[in-house]
Amino acid sequence: MNFTIKWARLPYLVMPLLFLIPAFTQVRQETCTNQSPRNVTVKLDSTNRAPYNYVSTVPLASPVTGTWPESVRYQRQDLKRCDQHYHAPVENVQGCDGEKLPPSRPDVPPPPGSWIEVHTVFALAVDSTGKCADHLDHDLACCITPPFVVIAYSAKIGADSMPVPAVIKPPIADLAAEWSGSNTGSDDDTKCKPLPAQWNFALGCNFTVPRNYISEILPKKHSARSLQTGNLISRDLTLAGPIREISSLSCKYVENTTGLVITNNAEARANCPVVCRNTLSVTDFADHWENRGGKSSCLCCTPYRPQQIIP
């Protein structure tokens, strides 16, 4: 993410005023990179599997115990909730049946059974005055100082439920997709979203949210931005979760198509890394191989994310 806030060069009298300026007027990416939303499909057998760059057993953003969903821990800082809103249809796709279908009726909120995507946004400094006191949907105007984190998930609209809480509590899923991204929503003429954000998207197709939660907490429906691809997306998409689950979803045996039958570990270490890179470009050889039917296969896995966590 390419942005710099040069606090030391600001006159002291300007400093208090800066905290009252919405984030999107303070922080802008210099080039159109690290855009959201994106494909986060994780199924190994899916033809639409996302190009995961890394795996990790520790998410970059995690709920602060006892305060969820009011704050998240990110890079040694507790960030505060500054906004919550939803999009219909969903923006990020993960391969759930019908997830991109538009609602059957143009109702607000959408009718039961419709897919929506809920975003809860966090910032280092937030505006808590006036309309911002509830830290709900105010078009990100209450998110003041970076870093910004988006905790997102997709859900189906369900039946009404009582009592209605003050804020929708995002689920804490076993698996999440994380990446460096941007704000989303309707595009302007630039077709580029300027606000950098760290994303954590809870993976799962069985989440629901009661319809009256949406109507009473988040009455405004936001449109969905189209999927971003190619050079517009970051190269740090990470599958975060327990080691057994991320291993089963990020490792697979790949046949060595050169015709060489591997007979020992030295041959495997000499040949399998090439097999993994050529077949699954972002994967590493996991030091396991096998021979079946006169053919050799190498176990290829998505590599672990370089250490980005600051406890």
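Any read-out appearing in this document is the output of simple, stated calculations on the displayed coordinates, not a laboratory observation. If you're wondering where the values come from, they're calculated on a predicted model, not measured in any experiment. All Cβ positions, glycine included, derive from the backbone under ideal geometry; neighbour counts span all protein chains shown.
Quick notes on this one:
- Residue separation of CYS205 and ASP174 scaled by 0.36 nm, minus their Cα-Cα distance, works out to 9.9 nm of gained length.
- Remark: the range 245-301 carries a charge dipole of roughly 140 debye about the Cα centre, counting +1 on each Lys and Arg Cβ and -1 on each Asp and Glu Cβ.
- Here the spin labels are modelled as points 7 Å beyond Cα on the Cα-Cβ line, and at ASP139 and LYS295 they lie 5.7 nm apart.
- Evaluated with a Cβ-only charge set (Lys, Arg +1; Asp, Glu -1), the range 156-233 carries a dipole of roughly 140 debye about its Cα centre, given to the nearest 20.
- Top of THR229, THR41, THR190 by mean-square fluctuation, Gaussian network on the chain, Cα under 10 Å: THR190
- Share of pairwise Cα separations in the range 209-311, more than 24 Å, in percent: 49
- Cβ-Cβ distance of CYS192 and ALA125, R₀ of 30 Å, FRET efficiency by 1/(1 + (r/R0)^6): the value works out to about 0.75.
- Relative contact order for the range 75-199, counting Cα pairs under 8 Å that sit 6 or more residues apart, in percent: 25
- Share, in percent, of DSSP beta bridges within the chain that are antiparallel, nearest 5: 75
- VAL58 paired with THR31, simple spin-label distance in nm, labels 7 Å along Cα-to-beta-carbon: 3.1
- Largest GNM mean-square fluctuation among PHE207, PHE122, PHE148, using the chain with Cα springs under 10 Å: PHE207.
- Globularity ratio of the range 117-238, using Cα Rg and 2.2 N^0.38 Å: 1.11
- Annotation: the residues TYR213, TYR153, sorted from fewest to most other C-beta atoms within 10 Å of their own C-beta, follow the order TYR213, TYR153.
- Placing unit charges on each Cβ (+1 for Lys and Arg, -1 for Asp and Glu) gives the chain a dipole about its Cα centre, and among CYS300, VAL274, ASN183 the Cα reaching farthest toward its positive end belongs to VAL274.
- Intensity falloff of the chain expressed as log10 I(q)/I(0), Debye formula with alpha-carbon point scatterers, at q = 0.07, 0.13 Å⁻¹: -0.32, -0.96
- The range 58-162: Rg to Rh, with Rh as the Kirkwood radius over Cα pairs: 1.02
- Gain on full stretching of the segment that runs from TYR304 to ARG269 - 0.36 nm per residue minus C-alpha separation: 10.7 nm
- Shape analysis of the range 245-301 based on the Cα gyration tensor places the equivalent ellipsoid semi-axes at 18, 11, 10 Å, largest first.
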